[in-house]
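Asks: Handing you this structure, nothing more for now.
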Amino acid sequence: METVKQKKVNRKAATQLPEVNRTTVVIPYVHGLLVAVTRAYRQHGIFSAMKPFQTIRSLLVHPKDKRRQQDSCECVYKIPCKNCDKTYIGETGRAFGVRLHEHQQEVTQHDVRAYTRSTSKSAAPEQNKSTVTDHAISLNHVIDWDHAKVIDKESNRMDRWIREAIHIRKEQNKSMN
């Protein structure tokens, strides 16, 4: 064990190091670790400085506004169904909100039509622009537009197609695609 006199000598030796060999470490302030960490560094001739973990500025100032999800371009997106656990996965190079609105319009256009039993049976195998519309019409399900979200972003079109395919494979039996 070091005596008090030896500790004072070690501290003096550490403070008398030439400026070139001095090393300083800046670490975030954590209440219980302050003394132990400082002591351990000082034994090796390393000086420690504390900085606050969080500042008022870091809590309040955000220089960039967050982008709305609807404004995201070049993305892969997911649209769930309210009646079952199936989801539709698609991709777009345009704004996500614009593409989502197109899906909504197509589904609502088909909902407006008045079907009799014979016309609904003949319309069931009909292929529409998107699988979301086919799912909603053939199974009489409601699409959950509020929980549609962007799941991936990619600016390169071919890579975006690959990412879309990967997400479809991940969904396996839960995918409408």
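The values are calculated or read from the model by the stated rules, or taken from the named source; none is laboratory data. What you are looking at is a predicted structure, and each value in this text was computed from that prediction instead of being measured. Ideal geometry is used to build each Cβ from the backbone, glycine not excepted, and the neighbour counts take in all protein chains shown.
Asks: For segment 34-54, enumerate the residues that are assigned to a loop (DSSP other than H, G, I, E, B) and either of a type in the set (Phe, Trp, Tyr) or touching a Phe, Trp or Tyr at 6+ places or on another chain (Cβ under 8 Å) (or both). Even if it seems obvious, please write down each step before you answer.
Replies: The initial filter retains those residues of segment 34-54 that are assigned to a loop (DSSP other than H, G, I, E, B), namely 44-45, 52-54.
If the condition is that a residue be assigned to a loop (DSSP other than H, G, I, E, B) and either of a type in the set (Phe, Trp, Tyr) or touching a Phe, Trp or Tyr at 6+ places or on another chain (Cβ under 8 Å) (or both), then PRO52, PHE53 are the ones that fit.
Asks: Can you name every residue in segment 48-73 that is of a type in the set (D, E, K, R) and under 30 Å from HIS147 (Cβ atoms)? Walk me through it before giving the result.
Replies: Step one: of segment 48-73, the residues of a type in the set (D, E, K, R) are 51, 57, 64-68, 71.
Across segment 48-73, the qualifying residues are LYS64, ASP65, LYS66, ARG67, ARG68, ASP71.
Asks: Suppose we filter segment 140-176 for residues that are out of contact with any Lys or Arg (no Cβ under 9 Å at 6 or more places or on another chain) and not in a helix (DSSP H, G or I); how many remain?
Replies: Total meeting the criteria: 3.
Asks: Return the residues of segment 70-99 that are part of a helix (DSSP H, G or I) and either within 16 Å of ASN177 (Cβ to Cβ) or touching a Gly at 6+ places or on another chain (Cβ under 8 Å) (or both); say none if nothing qualifies. Step through it out loud before you land on a result.
Replies: Applying the first criterion (part of a helix (DSSP H, G or I)) to segment 70-99 yields 70-71, 96-99.
GLN70, ASP71, ARG99, listed by residue number.
Asks: Look at GLU164 and say whether it is at pLDDT 90 or above and acidic (Asp, Glu).
Replies: Values: at pLDDT 90 or above: yes; acidic (Asp, Glu): yes.
Spelling it out, GLU164 is indeed at pLDDT 90 or above and acidic (Asp, Glu).
Asks: Out of segment 48-89, which residues are touching a residue at least 60 places away in the same chain (Cβ under 8 Å) and out of contact with any His (no Cβ under 8 Å at 6 or more places or on another chain)?
Replies: Pass one, segment 48-89, residues touching a residue at least 60 places away in the same chain (Cβ under 8 Å): 69, 72, 74-82, 85-89.
Of everything in segment 48-89, those that are touching a residue at least 60 places away in the same chain (Cβ under 8 Å) and out of contact with any His (no Cβ under 8 Å at 6 or more places or on another chain) turn out to be GLN69, SER72, GLU74, CYS75, TYR77, ASP85, THR87.
Asks: Let me ask something else about it. Taking segment 29-83, which residues are at positive phi and within 19 Å of the chain's Cα centre (by Cα)? Before the answer, list the steps.
Replies: Kept after step one, since they are at positive phi, are these residues of segment 29-83: 45, 74.
Of everything in segment 29-83, just one residue is at positive phi and within 19 Å of the chain's Cα centre (by Cα), namely GLU74.
Asks: (1) acidic (Asp, Glu); (2) within 30 Å of HIS141 (Cβ to Cβ); (3) modelled with pLDDT under 85: which one isn't true of ASP71, the others all being true?
Replies: Result: ASP71 passes all but (3).
Asks: Then there's this: Six or more apart or on different chains, Cβ under 8 Å: which pairs go from a residue in segment 156-177 that's under 21 Å from CYS84 (Cα atoms) and touching a residue at least 24 places away in the same chain (Cβ under 8 Å) to one that's of a type outside the set (Gly, Ala, Ser) and surrounded by fewer than 11 Cβ atoms within 10 Å (Cβ to Cβ)? Could you list them?
Replies: Final answer for the pair search is LYS174/ASP85.
Asks: In addition: Among the residues of segment 115-125, is any exposed (fewer than 14 other Cβ atoms within 10 Å of the Cβ) and modelled with pLDDT of 90 or more?
Replies: Within segment 115-125, not a single residue is exposed (fewer than 14 other Cβ atoms within 10 Å of the Cβ) and modelled with pLDDT of 90 or more.
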